[in-house]
Amino acid sequence: MAGDSSVRYVATGAPADTDSAWALRVAAHRDRRPATWSTVETADVAGLLRDEPHTATLVDDLGGWLTAALDRRGWAGGSVATDVDELVSAVDGFTAPLTFVSPEVGLTVVAATASARRFTDELGTLNQRLAQCCEQVVLVVAGLPVWVKPTKALN
C-alpha cells in the first residue's frame with residue numbers, strides 16, 4: 001500500500017468527544033498520515049468495503065471495530081458472529097489492496113475480568129478468520145515484522 005498515492009484510512013476508534021487526552025492522540029495520528037490519504041471514521045467496516053471495493057484501504061484497528069460490535073451486541077453474551085461473518089464476506093469480495101491493523105491477544109496472562117476475557121476470545125477468533133482469507137499476515141514484534149503467512153509465489 002506504500003506505493004498507492006490514494007489510500008482510504010478507516011479509523012474504527014470511538015470519537016474523542018469527552019476525553020481530551022484521546023483527542024490529542026487522534027489528532028497526532030491524523031497529522032502523521034500522508035496528505036493524499038482520505039479518512040473515514042466508522043465501525044461499519046463491512047459496509048464500507050462492500051460499497052467501495054476498489055479503493056486501497058487501511059483499517060485501523062480491529063480492536064476498535066470489535067469493541068464497537070460488542071457494545072452493540074452486548075458484552076455479557078451477545079453474539080458478534082454475524083458481524084464477523086459480514087466482515088469476512090466483505091473482505092472476500094474486496095478487489096483493491098487492503099490492510100488491517102489488529103492487536104494480538106493471548107501472549108500474556110489470562111485477563112482478570114470477564115469482559116477482557118471475552119474481548120481476548122472474540123479477537124482471537126476474528127484474527128484467525130481474517131488470516132484465513134488474507135494473502136499475507138504479518139505480526140509486528142518490537143517494531144520488526146514476523147511473516148506468519150507470506151505471499152504465496154505464483155507458479
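The values are calculated or read from the model by the stated rules, or taken from the named source; none is laboratory data. All of these numbers come straight from a predicted model, not from anything done at the bench. Each accessible area value is taken on the protein alone, full model and side chains, heavy atoms only, with ligands, DNA and RNA left out. Shrake-Rupley method; radii C 1.70, N 1.55, O 1.52, S 1.80 Å.
Across segment 75-86, rounded Karplus estimates of 3J(HN,Hα) from the backbone phi angles (6.51 cos²θ - 1.76 cosθ + 1.60, θ = phi - 60°) give 6, 9, x, x, 8, 9, 4, 5, 4, 5, 4, 5 Hz, Gly and Pro being marked x. Across segment 49-62, rounded Karplus estimates of 3J(HN,Hα) from the backbone phi angles (6.51 cos²θ - 1.76 cosθ + 1.60, θ = phi - 60°) give 5, 5, 6, 9, x, 10, 10, 3, 9, 10, 9, 9, 9, 6 Hz, Gly and Pro being marked x. Converting phi to 3J(HN,Hα) with the Karplus coefficients 6.51, -1.76 and 1.60 and the offset θ = phi - 60°, segment 99-113 yields 10, 10, 10, 9, x, 9, 10, x, 9, 9, 5, 5, 4, 7, 10 Hz in sequence order, with x at every glycine or proline. The shape of segment 49-141 comes out oblate: with a ≥ b ≥ c from the C-alpha gyration tensor, a/c is at least 1.5 while a/b does not beat b/c.
Contact order for the chain, expressed relative to its length and based on alpha carbon pairs under 8 Å spaced 6+ residues apart, stands at 22 percent.
Close amide H partners of Ser102, meaning residues 5 or more places away or on another chain with modelled amide H under 5 Å apart, are Leu62. Annotation: amide H of Val137 within the under-5 Å range of Val148, Lys149, sequence separation 5 or more or interchain, hydrogens built in the peptide plane. Once all protein chains are placed together, Thr55 keeps about 50 Å² accessible to a 1.4 angstrom probe.
Need one word for segment 34-99: rounded, prolate or oblate. Basis is the Cα gyration tensor (sqrt eigenvalues a ≥ b ≥ c); a/c below 1.5 gives rounded, then a/b vs b/c decides. Since a/c reaches 1.5 but b/c is at least a/b, the shape of segment 34-99 is classed as oblate. Once a ≥ b ≥ c are taken as the square roots of the eigenvalues of the Cα gyration tensor of the chain, is the result rounded (a/c under 1.5), prolate (a/b larger than b/c) or oblate (a/b not larger than b/c)? Rounded, since a/c falls under 1.5. By accessible area, using a 1.4 Å probe on protein heavy atoms only, segment 1-143 has 53% of its surface on carbon and sulfur.
Looking at the chain, the accessible area is 62 square angstrom per residue; that uses a 1.4 Å probe and ignores ligands, DNA and RNA. For the chain, DSSP calls about 30 percent of its internal beta bridges antiparallel.
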